[in-house]
């Protein structure tokens, strides 16, 4: 089952109805994920940082805080607005599916994707492409 929350008020619905363990994939935005994590008492997820230098801290926190969700899910795709999106999923134990980039504590956010790992979970960050001219944002979602 793929779950797209669509709204902060609806984000926790599967877990309120006792069906959260049936969710295989979910694609919340950061605010919806914050609501889910709060409802499940997984810990607080910080809001989107105002400075790009603080984004790696948010990504590390997402990786750690969402690990319990991956006990029953295959992956989370969290949209981060202008900062792109991050996929949090199980890491392969056989080494075939290794992280794309090694991560050091001084991770720099760039135009390339970045990978973080913790235990058997991996987070892949894909920055949003920079555009010079936006025509319309109607219906664009995140």
**Asked** What spacing in nm lies between the two simple spin-label points modelled at residue 17 and residue 67, each 7 Å away from Cα in the Cβ direction?
**Response** 3.1
**Message:** Could you give the length gained by full extension between residue 7 and residue 41, i.e. 0.36 nm per residue of separation minus their alpha carbon distance, to one decimal place?
**Reply:** 10.3 nm
**Asked** Can you sort 16, 73 by how many other beta carbons sit within 10 Å, fewest first?
**Response** 16, 73
**Asked** For the stretch 18-76, what does the alpha-carbon gyration tensor say about shape, rounded, prolate or oblate, given a ≥ b ≥ c as the root eigenvalues, a/c under 1.5 as rounded, and a/b over b/c as prolate?
**Response** prolate
**Asked** Between residue 135 and residue 60, how many nm apart are label points set 7 Å from Cα along the C-beta direction?
**Response** 4.1
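Each value in this text was obtained by applying a stated rule to the coordinates, not by laboratory testing. Remember, predicted model here, so these are calculated numbers, not experimental data. Using ideal geometry, Cβ is built from the backbone for each residue, glycine included, and neighbour counts are taken over all protein chains shown.
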